[in-house]
Structure formats: C-alpha cells, structure tokens
Protein chains: 2
Amino acid sequence: MFQHIAKQSISDTVFDQLTAKILDGELDAGETLPGERSLCELLGVNRGAVREAIKRLQQAGLVDVRHGGKTTVLDYLDHGGLELLPQLMITPEGKMRLEVARSIVSMRQSMAPDIAKACAQKRKAKHLQQMQSLLTQMQQTDDAKELQTLAFAYWRELVAGSGNIAYRLAFNSMQKAYDKIWSLLASVLEPELRDLDNLEKLTQAIAEQDADQAQHFASEYLLNGTNAMNAVLNAYGQAEIK
Amino acid sequence: MFQHIAKQSISDTVFDQLTAKILDGELDAGETLPGERSLCELLGVNRGAVREAIKRLQQAGLVDVRHGGKTTVLDYLDHGGLELLPQLMITPEGKMRLEVARSIVSMRQSMAPDIAKACAQKRKAKHLQQMQSLLTQMQQTDDAKELQTLAFAYWRELVAGSGNIAYRLAFNSMQKAYDKIWSLLASVLEPELRDLDNLEKLTQAIAEQDADQAQHFASEYLLNGTNAMNAVLNAYGQAEIK
DNA sequence: ATTGGTCTTCTGGTATGACCAGTTGACTAT
DNA sequence: ATAGTCAACTGGTCATACCAGAAGACCAAT
C-alpha cells in the first residue's frame with residue numbers, strides 16, 4: 001500500500017520546533033515567547049508563518065497570547081488536550097517517553113473493556129459484520145505488521161459500534177500517538193495480535209449481545225499487550241525508536 | 001473572581017464558522033472547500049486570516065489540505081481528536097447535542113473510577129493534601145456553583161495524582177467541553193455535588209491507599225451525576241443552554 | 001488506444017511592508 | 001500619592017506580489 005507523502009510547510013516546522021521546546025521544558029510555563037517579529041528574524045522566516053504556528057500553539061493550549069501583551073507559555077499538563085499525545089510520545093531526540101507510553105497503555109486497558117461492553121449492548125449489525133470480516137482476515141495472515149493494521153481497523157469498528165462519540169474521538173487521538181511508534185508496537189504487541197482466540201470470543205460475545213462477556217474478553221485480550229508493554233518499559237530506559 | 005475577557009480575532013471567527021459548518025454536516029466529508037482567495041472574498045477578510053483558520057482546521061483533523069490541490073473536508077469521526085468535544089457540545093444555534101453529553105457522561109463514569117484507583121495506589125501526599133483541603137471547603141459551602149468549581153478542582157488534583165499523563169490531557173479536553181454547559185451542569189449535577197459523604201469516603205480510601213475502595217466510592221459518587229444527567233437527557237429533546 | 005510529455009491555469013505556500021489596535025511603563029501634572 | 005498622558009512596545013489586519021505543487025487539456029510518440 002502507498003500513502004500520500006506528508007510534506008512539511010514552514011509554519012509546520014516552526015510549530016513543531018516551538019512545541020518540542022515547550023513539551024521538553026526548554027520553554028517553561030510562565031516564560032514569555034520572543035515577539036513575532038523577533039521570531040521571524042531568529043528563524044529566518046516571514047511573519048505569517050510564525051503567526052500560523054503560534055495560532056496552533058494557542059489552539060493546543062500551549063501558550064496564552066493576548067493582543068498588545070506578550071505571549072506566555074502555559075503548563076500543558078493543565079491546559080493541553082489529548083491531541084498532544086503524539087508529540088509527547090517522542091522526544092526531540094527521537095526517543096520514546098516511557099511514562100507517556102505507560103499512560104496510554106493503562107488508559108487503553110481501562111477504557112477498551114467498557115467500550116466493548118457498550119458495543120455489545122448496541123450490537124449494530126453494520127459494525128459487527130466489519131469486525132467479523134476483519135477477524136477472519138486476521139486469522140488468515142501471519143505477518144505481525146499486517147495483523148496490527150487489521151487489529152487497529154477492528155478496534156476502530158468496535159469503538160464506532162459503541163455509539164459513543166467521545167470514545168471515538170479519544171480513539172483517534174490515541175491512534176495518532178500509536179502511529180509514532182508503529183513498528184516498535186508491532187513487535188511488542190505481538191502476543192496480543194496473535195491471541196485471536198480471545199478476539200474471537202469477544203466478537204462472539206458482541207454478536208450475542210452479551211455485554212459482560214464482551215467486557216471480560218476485551219480485557220483478557222488487551223492484557224496480553226498491556227503486560228508485554230509494561231515488561232518492555234520496565235526493562236528499558238528511554239527506548240530508541242526503530 | 002474575575003477572569004480575562006476572551007476576545008475573538010477575525011481568524012478565530014473564521015475558524016469557528018468553518019468548524020461549525022463541518023461539524024453540523026453542512027460541509028460534508030469529501031466536499032472541497034472554496035479556494036483561499038474565494039473565501040477571503042466571501043468572508044470579506046484578509047487571506048492571512050483565512051489561512052490561519054484553515055491551518056487550525058487541519059490540525060483539528062477536519063480538513064485535508066495539500067499544496068496545489070483543493071482542500072477537502074474529512075470525516076471528523078475518523079480523524080478528529082478529543083479536543084473537538086467543546087465545539088461538538090453546542091450546535092450553532094446554541095442547543096446542546098444530547099448524544100455528545102451522553103457520551104461524555106458515560107466516558108467519565110468509565111474512566112474516573114480507574115483514575116481514582118491509580119491515584120490511591122500512588123497516594124502522592126502533595127495531591128492528597130490538596131484534595132482534603134478542597135473537600136473541607138466543599139463541606140463549608142452550600143452554593144451549587146461554588147461546589148461545582150471546587151469539585152472540578154478536586155478531580156483535577158485526583159487526576160494529577162494518578163500520575164497518568166494521558167488521563168490528565170483527556171481530563172483537560174473534557175473540562176473544556178463541560179465549560180460550555182457550565183451553568184446547566186451546576187443544577188443537573190447538584191445531587192452529586194452534595195454527596196460529600198461518598199467524596200469523603202473516596203478521599204479517605206486514597207489516604208489509606210486502598211485502591212479498590214477508592215475505585216468503588218468514586219463510582220458511587222459519580223453515579224449521582226450520571227443518573228441525574230441521563231434522566232435529564234431522556235426527558236428533553238435538544239436542550240436550550242441557560 | 002495507451003502512454004508520456006508539456007503547457008496553462010488552477011490551488012496552496014512564502015515573502016514584504018504597511019498600518020491598526022491593545023498593553024505596558026515611564027513620565028508628568030495635579 | 002494619584003491620575004492623566006504619551007511613546008514604545010506587543011499582537012492583529014491588510015494588500016500585493018511572487019513561488020511552487022496539482023490538475024486537466026492537449027498533443028505527440030509508440
């Protein structure tokens with residue numbers, strides 16, 4: 001499969017650079033940003049690019065900008081939204097932040113069973129069929145990366161089947177974070193990806209509209225990955241991404 | 001208490017308008033946006049303002065913009081992050097979207113007990129003290145709105161105490177959504193806000209590092225609001241915000 | 001009939017330079 | 001000590017060029 005090449009515009013670069021400095025603590029909460037005109041000069045770009053970047057920082061809850069005053073850095077832990085996860089996942093030096101990965105794995109383990117429960121209660125035929133089809137495809141492949149692609153598609157359907165829009169949006173945010181460590185995940189999560197037994201039971205439970213069983217098997221299935229990931233995280237310091 | 005007046009710049013207005021059109025379905029996924037130059041003319045603003053707005057739409061996962069090609073609308077259910085919640089909460093006409101409110105309430109009920117559990121396991125003195133202090137303040141007031149303010153602060157500390165950064169960011173996103181219906185919430189959640197009994201037990205459980213009890217009482221406490229909210233949501237159609 | 005160039009004309013991306021509009025703080029008159 | 005004033009910041013808006021990728025029409029060559 002081919003996918004569109006993502007090009008980076010100048011304002012994107014400025015945004016990434018500033019975001020990294022803030023999330024990395026190089027720019028601490030309370031500090032003020034250089035003026036837009038100064039930044040232009042420092043970065044060698046025009047003011048429009050800087051403004052586009054700062055507007056995005058503002059939207060991300062990273063800075064507080066006020067007309068006439070200076071732009072100050074906010075504490076992202078108090079003001080940032082879940083969409084920061086992807087950028088938090090990797091340090092500017094390309095290492096993975098352990099506590100971020102741990103947080104996500106833990107959140108996943110906590111939310112997904114409840115989502116599966118909701119999905120089973122609704123039991124929308126449309127999503128159920130997709131899930132069954134994806135499960136079948138998973139049973140017919142042996143490649144870890146392909147399994148992972150299918151697994152993500154499976155969970156996307158399951159989340160959609162829960163009918164809960166907040167879950168869907170949170171899932172999107174989390175997937176963007178996962179994407180940052182895609183290949184690392186494919187190997188670490190392998191025991192989970194190959195536990196098609198529990199995935200089948202989960203699918204079955206949803207088909208039978210058995211909410212409690214769905215919740216149970218979802219939890220069982222995910223525990224594979226949760227444990228594997230925690231083992232890896234405990235074993236390594238800041239892991240290099242491959 | 002006074003808080004800074006939020007002024008709306010032109011690009012903010014453009015962003016809000018386009019976002020509303022997309023979330024409301026007026027601009028459907030797959031459709032293309034008018035060119036930047038056309039939009040300038042249509043809206044009677046400068047191109048820079050339009051560009052800042054579109055950059056933000058892009059960041060929010062609402063559009064796909066590519067150099068040389070047209071900007072197309074994406075399906076926010078597949079690409080939007082949790083930070084869309086605040087804008088989804090209210091329709092352009094100022095009504096509350098029931099399914100969004102329901103989704104958030106359900107997500108809260110599912111996540112918070114696990115967060116409380118994690119918080120109890122860590123039992124960070126710093127956050128625990130804050131929580132105890134806030135609880136005391138809550139016990140000394142009778143005003144619903146002030147109770148709500150304190151309750152939010154309490155949960156903010158609890159989430160911080162869980163040591164899970166993903167939870168914190170998700171909490172921030174959800175609070176921004178809550179803020180949109182702040183006054184409505186203060187009345188609907190009143191039974192929860194006044195159930196200081198369970199909140200005290202929760203605090204106690206955390207102090208005693210009793211994770212399971214913390215999880216239990218958090219769930220009990222939140223059920224007040226969950227049930228109240230569901231009752232209201234079932235009773236009304238699209239509620240007016242007051 | 002298909003493939004691959006090429007040219008025109010769309011689209012978004014970048015760059016200037018000017019000016020408007022709040023904020024801040026130093027200075028001044030009271 | 002207070003309140004007014006003003007100059008010098010800051011971000012916000014604007015108009016106008018021009019650069020660069022994409023898309024489609026067109027036209028060869030195969």
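The values are calculated or read from the model by the stated rules, or taken from the named source; none is laboratory data. Quantities reported herein were computed from a predicted structural model and do not represent experimental measurements. All Cβ positions, even for glycine, are placed from backbone atoms using ideal geometry, and neighbour counts span all protein chains on display. Heavy atoms of the whole protein, side chains included, go into the accessibility calculation; ligands, DNA and RNA do not. Shrake-Rupley method; radii C 1.70, N 1.55, O 1.52, S 1.80 Å.
Modelled label positions at A:ARG194 and B:ARG66, each set 7 Å beyond Cα in the direction of Cβ, lie 3.8 nm from each other. Sequentially through region A:123-135, phi angles give Karplus couplings (6.51, -1.76, 1.60; θ = phi - 60°) of 6, 7, 4, 4, 6, 4, 4, 4, 5, 5, 5, 5, 4 Hz, Gly and Pro residues having no value and appearing as x. Charge tally for B:ALA29 (other residues, Cβ to Cβ under 15 Å; Lys, Arg +1; Asp, Glu -1): -4.
When the Kirkwood hydrodynamic radius is evaluated over all pairs of different C-alpha atoms of the protein assembly as shown, what value in angstrom, to one decimal, is obtained? Can you show the working numbers first?
Values: mean 1/r = 0.0420 Å⁻¹.
In the protein assembly as shown this quantity evaluates to 23.8 Å.
Basic side chains Lys and Arg get +1 at the Cβ, acidic Asp and Glu get -1 at the Cβ, and with that the dipole of region A:10-80 about its Cα centre reaches some 400 debye. Dipole magnitude for chain B: about 760 debye, using +1 per Lys or Arg Cβ and -1 per Asp or Glu Cβ, origin at the Cα centre. Between B:GLN121, B:ALA186, B:THR141, the Cα set farthest toward the positive side of the dipole of region B:86-235 (charges on each charged residue's Cβ, about the Cα centre) is that of B:GLN121.
In the context of the full protein assembly, B:TRP182 retains an accessible surface of approximately 70 Å², using a probe radius of 1.4 Å and ignoring ligands and nucleic acids. Model label sites at A:ALA235 and A:ALA153, defined 7 Å from Cα along the beta-carbon direction, differ in position by 3.0 nm.
Look at the dipole of the protein assembly as shown built from charges on Cβ: of A:GLN59, B:ILE90, A:THR91, the Cα furthest out on the positive end belongs to A:GLN59. Compute the helix-to-body angle for B:10-23: its Cα long axis versus the longest principal axis of chain B, expressed 0 to 90° and rounded to tens. Once rounded, one gets 80 degrees. Once you've got the Cα coordinates, tell me which of A:LYS122/B:LYS117; A:LYS180/B:LYS176; B:LYS95/B:LYS180; B:LYS7/B:LYS180 are over 19 Å apart. Pairs exceeding 19 Å: A:LYS122/B:LYS117; A:LYS180/B:LYS176.
Using the Cβ of B:ASN172 as centre and a radius below 13 Å, the other residues enclosed give a net charge of -2, where K and R count +1 and D and E count -1. About its Cα centre, the dipole of the protein assembly as shown is roughly 1000 debye, where the only charges are +1 on Lys and Arg Cβ and -1 on Asp and Glu Cβ.
Here the contact order of chain A, divided by its residue count and restricted to Cα pairs under 8 Å and six or more residues apart, works out to 22 percent. Note on chain B: GNM, Cα springs under 10 Å; of B:GLN204, B:GLN215, B:GLN17, the largest mean-square fluctuation is that of B:GLN17. Once the Cα atoms are used to define both axes, helix A:211-235 deviates from the longest principal axis of chain A by about 50 degrees. Per-residue extension of 0.36 nm, minus the Cα-Cα distance of B:ASP28 and B:GLU99, leaves a gain of 23.6 nm for this segment. Rg over Rh for chain A works out to 1.05, using Cα positions for both radii and the Kirkwood form for Rh. Dividing the summed helix terms, -39500 (n - 2.57) for each DSSP H run of n ≥ 4, by the number of residues in the protein assembly as shown produces a 222 nm estimate of -21500 deg cm²/dmol to the nearest 500.
What does the net charge come to around B:ASN198 if you take all other residues with beta carbon closer than 11 Å to its beta carbon, with K and R at +1 and D and E at -1? Mind showing how you got there, number by number?
Working: positive: B:ARG194, B:LYS201; negative: B:GLU192, B:ASP195, B:ASP197, B:GLU200, B:GLU220.
Taking every other residue near B:ASN198 into account, the sum is -3.
In this simple spin-label approximation, A:ASP143 and A:SER38 carry label points 7 Å from Cα along the Cα→Cβ vector, and these lie 5.2 nm apart. Relative to the longest principal Cα axis of chain A, at what angle does helix A:196-207 sit, 0 to 90 degrees, rounded to 10? Around 80 degrees separate the two axes. Here the Gaussian network model covers chain B, with springs between Cα atoms less than 10 Å apart; of B:GLY80, B:GLY30, B:GLY68, B:GLY68 fluctuates the most. Each chain gives up part of its surface: B and A jointly bury about 3800 Å² of accessible area, both sides summed, for a 1.4 Å probe.
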